[in-house]
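Participant: Okay, here's the structure, questions in a sec.
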Amino acid sequence: MKRTAMALVVLLSGCISGPNYLSNSVRDARNKSYVENPIGTALITDVLPVYPLVELLASVPDVLVVNPIQFWGFDIWRGKGTGFRHDNPPRGKESWLESLVARADEPFDAGREPVALPASMRK
């Protein structure tokens, strides 16, 4: 019994820490959908939890099949992990945070001096 439990622990290691191809693909689709239609995406994410349920269903094969194969079949032998390449969504409007950081060096309309941001936060 102990050997079986130990074998399962060893075989299932790397299950959650893998690239999660399926669930990350759902997240990318939700992100793209949000850029194109924020109200509709909010409805099927928050009111009717379609995206969260699909993401949960996608994470099951990720954890049980995809991630262990990636970990034991490839990553452990190369000594390097495999990352998921996210899709860039179509360019939407600039977020309020992006616009704040991009315009940090410009004076405000009221003539006040801008808030100085650290150099690491500037583009």
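The values are calculated or read from the model by the stated rules, or taken from the named source; none is laboratory data. Predicted, not measured: the structure shown is a model, and the values here were computed from it. So basically every Cβ, Gly included, is an ideal-geometry build from the backbone, and we count neighbours across all protein chains shown.
Participant: Within the stretch 56-88, restricting attention to residues that are farther than 11 Å from SER23 by Cα and among the charged types (D, E, K, R), which residue is surrounded by the most Cβ atoms within 10 Å (Cβ to Cβ)?
Facilitator: Applying the filter and picking the extreme gives ASP75.
Participant: Also: Return the residue satisfying two criteria in turn: it lies in the stretch 1-51 and is of a type in the set (S, T, N, Q) and not in a helix (DSSP H, G or I), and of such residues it is nearest to the chain's Cα centre (by Cα).
Facilitator: Checked the stretch 1-51; the qualifying residue nearest to the chain's Cα centre (by Cα) is ASN20.
Participant: Quick check: anything in the stretch 57-79 under 13 Å from the mean Cα position of the chain (by Cα) and not in a helix (DSSP H, G or I)?
Facilitator: No, because not a single residue in the stretch 57-79 is under 13 Å from the mean Cα position of the chain (by Cα) and not in a helix (DSSP H, G or I).
Participant: Quickly run through the stretch 57-95 and pick out the residues that are farther than 28 Å from ASN37 by Cα, of a type in the set (A, V, I, L, M) and in contact (Cβ under 8 Å) with a residue 12 or more places away in the chain.
Facilitator: Within the stretch 57-95, VAL63, LEU64, VAL66, ILE76 meet the criteria.
Participant: Now for a separate question. Among (1) loosely packed, with under 12 Cβ neighbours inside 10 Å; (2) within 24 Å of the chain's Cα centre (by Cα); (3) modelled with pLDDT of 65 or more, which single condition is LEU100 missing?
Facilitator: (1)
Participant: Does any residue of the stretch 36-50 turn out to be touching a helix residue (DSSP H, G or I) at 6+ places or on another chain (Cβ under 8 Å), surrounded by 12 or more Cβ atoms within 10 Å (Cβ to Cβ) and under 26 Å from PHE71 (Cβ atoms)?
Facilitator: Looking for residues that are touching a helix residue (DSSP H, G or I) at 6+ places or on another chain (Cβ under 8 Å), surrounded by 12 or more Cβ atoms within 10 Å (Cβ to Cβ) and under 26 Å from PHE71 (Cβ atoms), one finds none in the stretch 36-50, hence no.
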